[in-house]
Amino acid sequence: MKCRRAIRFGVASVLFGALLGGPALAQKGDSGGHTDPLNLDPAVRDGYEHFYNLDYDGAEARFDAVQKAHSGEPMAYNYLLMVTIFRELYHQDLLDTTYYAHDSFLSSKRTVVVADETRKKIESLTDKVTDMCDQRIKTNGQDKNAYFARGYAEGLHAAFITLADHSFTAAARQGYAARSDSEKTLKIDPMYADAKMAVGIQQFAVASLPRFIRMMVGIVGVGGNKEKGLELLRDSATHGVATSVESRTTLSLFLRHDARYPEALEVQRGLAEQYPHDYLFRLEQANLTKDEGNGPKAIEAYRAVLADAKRPGYFVDARLQMTYFGLGDTQRGQNDIRGAAENYLLAASQPKCSDWLRRRAQLNAGEMLDLLHERDQAVKQYQMAAAPSGDQSQADLAKKYMKTAYAGK
């Protein structure tokens, strides 16, 4: 079980750096010479203000204007790539880290359907950045910004194909390429703190992988050290211009993985305080409180998110199914079976809920209803979770409980 958990965590976290957000433009007066100048452009900063409110459409409009004004700069295309990828992952309910921290998603049967237009745009932008950087590096082998931009695109694309396609081997190799490009950036400019993020992610993640898994995904021989990885992430979080927030979100995930919950919560509270209208940062704070084992405090945190979601304009497109599901899980752990059933049902009823999460919520609601001896209602939930169309990842268990009532452990 311990080995399986390490496999699950390691392959995902090699590529996890940007799941909760893209680059933040830190207010660092001494970093201007150690980052791509475009990262400091006020128009780019404005785009990120919308990005961190999860206003992906607003961010895209602003970054599109940046790209048109700076069509020769690879980072301008990276901003659009970032928004396109994370909007899709968010709409697929793939940006709740509970999925990676607790579910064996390496063996999941979940199918993620991505529109052809979106997939083509992601591939086109990735290729565009790579081609531009290749040409710049060919002309000037000391172009640190080109190495960083190429590595950043590789990392973004790797995260997408990991989460959307489960292409673990290809993604792990792209993650290693991102590290390699970041190491080249640091060789040219050791003060380029942004580049320390990709190296830190790989250092920690590879150290969490068994050797035979490194061989399977094609990164045998790559070094890893957990504490070195955390140190690099802290450095990027403190001094980075383009990866400060990414580094902090990744740092929180890694500390969570090692059950260092007080440290992880300290990082996450800082993010939630800095960006109180970022629904994902607030949700992650509640998730961490749950994982820490403080059920009553976690319930309070989830309910605070739901209360703020009722305030007009507080969150942009809050995917409340993730909060209801987390609240249901926490109440289940506190033996509030009725409350858990109600919140699983609320998760399943959200109009924008992904098919996968809806069926997962229906399955869990059925289990709770069985424990409440409401067998007819439980069977109805199992039938919906096992319906022949759509996502089938919950179907086997649902069919099992349609025959034999769930009794709990």
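The values are calculated or read from the model by the stated rules, or taken from the named source; none is laboratory data. None of the values given here were measured: they were computed from a predicted structure. So basically every Cβ, Gly included, is an ideal-geometry build from the backbone, and we count neighbours across all protein chains shown. Ligands, DNA and RNA are stripped out before the accessible areas are found, and what is left, the full protein with its side chains, is counted by its heavy atoms. Shrake-Rupley method; radii C 1.70, N 1.55, O 1.52, S 1.80 Å.
For the reader, a short list of remarks on this structure follows.
- Förster radius 30 Å - calculated FRET efficiency between residue 121 and residue 389 (Cβ-Cβ, nearest 0.05): 0.65
- Dipole of the chain [Lys/Arg +1, Asp/Glu -1 at C-beta], most positive-end residue of 340, 237, 124: 340
- Per residue solvent-accessible surface (Å²) - the chain, probe of 1.4 Å: 41
- Positive-end residue, the chain charge dipole about Cα centroid, Cβ charges, pick of 296, 323, 251: 296
- Of the residues 138, 290, ranked by 1.4 Å probe accessible area with the largest first, the sequence reads 138, 290.
- Mean residue ellipticity (222 nm) of the chain, computed from DSSP H runs ≥ 4 via -39,500 (n - 2.57), nearest 500: -22000 deg cm²/dmol
- Exceedance of the 31 Å cut-off in Cα-Cα distance is limited, within the set 144/228; 228/310; 68/228; 228/352, to 228/310; 68/228; 228/352.
- For the chain, a crude dipole built from +1 on the beta carbon of Lys and Arg and -1 on the beta carbon of Asp and Glu, taken about the Cα centre, is about 1300 debye to the nearest 20.
- Segment residue 303-residue 188, extension gain: residue separation times 0.36 nm, minus the distance between their alpha carbons: 36.6 nm
- Taking all protein chains as shown and a probe of 1.4 angstrom, residue 374 keeps an accessible surface of around 60 Å².
- The packing ranking of peptides 88-97, 189-198, highest mean first, is 189-198, 88-97, where packing means the average number of other beta carbon atoms within 10 angstrom of each residue.
- Taking each residue as 0.36 nm, the span from residue 227 to residue 317 lengthens on full extension beyond its C-alpha to C-alpha distance by 28.7 nm.
- Placing unit charges on each Cβ (+1 for Lys and Arg, -1 for Asp and Glu) gives the chain a dipole about its Cα centre, and among 191, 38, 157 the Cα reaching farthest toward its positive end belongs to 157.
- Tail beyond 32 Å, pair distance distribution of the chain (Cα, percent): 34
- Residue 60 accessible area, assembled protein chains, probe 1.4 Å, Å²: 40
- Diffusion coefficient, µm² s⁻¹, Stokes-Einstein with Kirkwood Rh over alpha-carbon pairs of the stretch 224-271 at 25 °C and 0.890 mPa s: 233
- Summary value for the stretch 236-325: 19 percent relative contact order, contacts being C-alpha pairs under 8 angstrom separated by 6+ residues.
- Computed from phi, the 3J(HN,Hα) profile of the stretch 86-92 under the Karplus parametrisation 6.51, -1.76, 1.60 (θ = phi - 60°) reads 6, 5, 5, 4, 5, 5, 8 Hz, with x in place of Gly and Pro.
- Spin-label pair residue 167/residue 135, simplified geometry with 7 Å Cα→Cβ offset, distance in nm: 2.4
- Its relative contact order, with pairs defined as Cα atoms under 8 Å and 6+ residues apart, puts the chain at 16 percent.
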